[in-house]
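Taking it in order: structure first as structure tokens, then the write-up.
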């Protein structure tokens, strides 16, 4: 009798622990349920809509973010560079390429909670479409570094992991038909501080 009770409690502990761990993993991973991937960038197009899956709704509730609806825009998150390595604050990156049509867009360096990286300086680790210099072919080239760089420069500081969050507002790519031919900028590591 005691053996059966012990086995039942062990089974319940494994089931609850395993279920909790799998949900935590599904909410933490960037390539989760309902995600689309374009290059190094990942988005959840249904996250702010009634059609959002339960994991997307749980992600919004856990992180406390204000999700954009389909008509409002779409956010992309990058956690790796073009070589597949995790993004680090102590490294210098080049974000270069075409951007889809949008009325307005923002790009910022984020920490684990996807909040803006603290730089310790009066300058934010963020850029927006009205303040960026464009190439002759209308593409962008943005240097990301803790050291000042010519042209478009996104300041980062400190060490550890980081993400890039690129959000497009009032854009046709927010509809499901607009995502098939979208190209986003490539993230290339230039080097790292020792």
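Residue by residue through the stretch 141-159, note down the ones that are assigned to a loop (DSSP other than H, G, I, E, B), without any contact (Cβ under 8 Å) to a residue 60 or more places away in the chain and either surrounded by 15 or more Cβ atoms within 10 Å (Cβ to Cβ) or at positive phi (or both).
Selection gives 146, 149, 151.
Looking only at the stretch 128-140, filter to residues that are without any contact (Cβ under 8 Å) to a residue 24 or more places away in the chain and touching a strand residue (DSSP E or B) at 6+ places or on another chain (Cβ under 8 Å); which one of those is surrounded by the fewest Cβ atoms within 10 Å (Cβ to Cβ)?
133
Being modelled with pLDDT of 75 or more, assigned to a loop (DSSP other than H, G, I, E, B) and exposed (fewer than 13 other Cβ atoms within 10 Å of the Cβ) is the filter here; which residues of the stretch 160-182 pass it?
160
The values are calculated or read from the model by the stated rules, or taken from the named source; none is laboratory data. Here the structure is a predicted model, which is why all the values come from computation and not from measurement. For neighbour counting, all protein chains shown are included, and Cβ atoms are generated from backbone atoms with ideal geometry for every residue, glycine included.
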